[in-house]
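Worksheet: one structure, shown below.
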Amino acid sequence: MDAIIAALGFNVKAFLAELVLFISLLIFMNAMFWKPIMAHLAARDKEIADANRKAHVTEQEMERLRADYMARITQIEAEARAHIQTALKEAQAERERILHEARTYAETTLRDGIASMEHEKFEALKALQERMVGIAVTAADRALGSAGDAAAIRQSIISHIAQHTPTA
């Protein structure tokens, strides 16, 4: 084995020196390079985890606010529908009241108009009868001259007209 070591040109002192140098370099690199990098990576991982946690909390808050918003919208829509229904019912009741008043007024006006027309008709017929009686009395008086009793003729004409005129 010494021959193989000699053929390779292996120097034990150089190997030990290189081993000590390698371990020293490893300790130096660990202290100066790897620990700071690992600390930086750990801090970055912690920041990422915090950001993810914060994003998750924000998302949950957003969902809660969205649910609250939807509940408020639903409540407002229900209140609006209730107000609309109330307004419609009030409007319908007012419409019915106005229609009832209009019908009542129209019926009253119609009844009053009919009564007024009946009264005017009666008065017109009465005036017409009086005129007819006057014309008939005048005609009878001219036809009979002074031979007839004007009051009796008038009474006879009135009773004759009354028999042939329908009563109201």
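Which of the three applies to the stretch 39-95, rounded, prolate or oblate, going by the alpha-carbon gyration tensor with a ≥ b ≥ c and a/c under 1.5 meaning rounded?
It comes out prolate by the Cα gyration axes.
Think of the chain as a dipole: +1 on every Lys or Arg Cβ, -1 on every Asp or Glu Cβ, centred on the Cα centre; then among A140, I157, A55, A55 lies furthest on the positive end. The convex hull of the Cα atoms of the stretch 2-164, projected and averaged over all directions, covers 27.8 nm². Per-residue ellipticity at 222 nm from helix content only, as computed over the chain with -39500 (n - 2.57) for each DSSP H run of at least four residues, stands at -33000 deg cm²/dmol.
Every number here is computed from the coordinates shown, using simple stated rules; none is lab data. Every value quoted in this text rests on a predicted model; they were computed, and no experiment measured them. As a convention, Cβ positions derive from the backbone with ideal geometry for all residues, glycine included, and neighbour counts pool all protein chains shown.
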